[in-house]
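The values are calculated or read from the model by the stated rules, or taken from the named source; none is laboratory data. Just so you know, these numbers come straight off a predicted model, no measurement behind them. Because the Cβ atoms are built from the backbone with ideal geometry, glycine has one as well, and the counts that use them run over all protein chains shown.
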Amino acid sequence: MTLDEILKEIEKAETFVVLAHENPDGDAMGSTLAVATVLKNMGKTTIDVLFKEYPANFKMLPNIDLIKSKATLERYDMAIVVDCPDVKRVGKSYEDYIENAKVIVQFDHHLKNTMFGDYNVVNPVAPACSQILSSSFSYMNIEITKDVAICLLTGIITDTGGFRFSSVTTETFEFAAWALSKGVNVSKIYKEAMMTKTKSQFEAEKLAIDRLELIDDGKITFTYITKEDEKALNVKPGETDGIPNIGVTIKDVEVAIFAHERENGFKISFRSNRIDVSDICMLFGGGGHKLAAGCFIDAKLEDLKKAVIEETIKHLK
Ligand SMILES: [Mn+2]
């Protein structure tokens, strides 16, 4: 089986680069650091986790010091890529470290995965990449130490919206229960990863709520944050991650849309309570999961707003 082969390759390799999608969320952070911690526990000494930036509320994660913005090697024995459906998603400056690695291994749970690895462990039904890692480690007889469990639980808690999304499985709770029995402070992780906001994050959410419009008889919500807003409020990467989920908490809302201005256009996040929003995103060149998906549109806010709302109304019919 693939996992047996991956374990053999890991044992052979000496230098590792660990990557995930840029602008990492809790699952990308938890998955990369879980892998890095496992490698460290195996006695590996060259482990580079590469992120340009990451959200401050994950500073408490074990082995956070393995995160660097610059690679220390040009060519690694192995690239382990997690929570990332496409090589391009790691960001331009890191793509080469995947291509140049002698062996590419990936673990992911996105629906549309390009299967870029030499070994691909992809399960689109899993609620978090961290959950795939927890079962993979168990299969490979890799010990899940307390530190590894903290990383994995951070990924599971954040990607399930705190165990509340319909994607959670019995394994999700089994792992949480097991971690609790191992002495992992589940409530502390939950509080730090889910319930703690910086002031600028709170200000950004407040602004997004203030702007939130109810459209199509209250079945759709739309809100946005611009580059200027971020500058004015001193918003840091990751601090707008909670905004897409705000709209779907309102009764009778079916789809929540959040337009977030980036360097070259808008990242549009969709959240749904029922319909498959990855279908809508695919029309705009994006994708994702059934109830949580996204796309990138380079257009004026008013124009893209009209376009995505029209398409969403069509899909709701
Ligand atoms: Mn994920």
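When Lys188, Lys267, Lys206, Lys251 are screened for being in contact with a strand residue (DSSP E or B) (Cβ under 6 Å, 6 or more places away or on another chain) and of a type in the set (Lys, Arg), only Lys267 passes. Tally up the residues in the stretch 208-244 that are under 22 Å from the mean Cα position of the chain (by Cα) and of a type in the set (Lys, Arg), please. Residues meeting the conditions: 2.
Of the residues contained in the stretch 171-185, none is found to be within 13 Å of the ligand (Cβ to nearest atom) and in a loop (DSSP other than H, G, I, E, B). Residues satisfying the criterion are absent from the stretch 45-59 (criterion: in contact with a Cys (Cβ under 6 Å, 6 or more places away or on another chain) and either within 16 Å of the ligand (Cβ to nearest atom) or touching a residue at least 12 places away in the same chain (Cβ under 8 Å) (or both)).
Among the residues of the stretch 227-239, are any in contact with a Ser or Thr (Cβ under 7 Å, 6 or more places away or on another chain), of a type in the set (D, E, K, R) and buried (at least 18 other Cβ atoms within 10 Å of the Cβ)? First the steps, then the outcome.
At the first step, the residues of the stretch 227-239 found to be in contact with a Ser or Thr (Cβ under 7 Å, 6 or more places away or on another chain) are 233-236, 239.
Going one step further and asking which of them are of a type in the set (D, E, K, R), we end up with 236, 239.
Narrowing the set further to residues that are buried (at least 18 other Cβ atoms within 10 Å of the Cβ) leaves 239.
Looking through the stretch 227-239, at least one residue is in contact with a Ser or Thr (Cβ under 7 Å, 6 or more places away or on another chain), of a type in the set (D, E, K, R) and buried (at least 18 other Cβ atoms within 10 Å of the Cβ).
Restricting attention to the stretch 1-44 and to residues that are of a type in the set (Gly, Ala, Ser) and farther than 18 Å from Asp77 by Cα, the residue that is farthest from the ligand (Cβ to nearest atom) turns out to be Ala34.
Tell me the helices (runs of 4 or more DSSP H) entirely within the stretch 74-162 that contain at least 3 residues that are more than 18 Å from the chain's Cα centre (by Cα) and within 15 Å of the ligand (Cβ to nearest atom). Spell out how you get there, then give the answer.
Details: elements: 95-99, 129-139, 146-159.
Because the criterion is at least 3 residues that are more than 18 Å from the chain's Cα centre (by Cα) and within 15 Å of the ligand (Cβ to nearest atom), no helices (runs of 4 or more DSSP H) in the stretch 74-162 meet it.
Taking the criterion of being modelled with pLDDT of 95 or more, farther than 13 Å from Leu152 by Cα and surrounded by 17 or more Cβ atoms within 10 Å (Cβ to Cβ), would at least one residue in the stretch 30-41 satisfy it? Yes, because at least one residue in the stretch 30-41 is modelled with pLDDT of 95 or more, farther than 13 Å from Leu152 by Cα and surrounded by 17 or more Cβ atoms within 10 Å (Cβ to Cβ).
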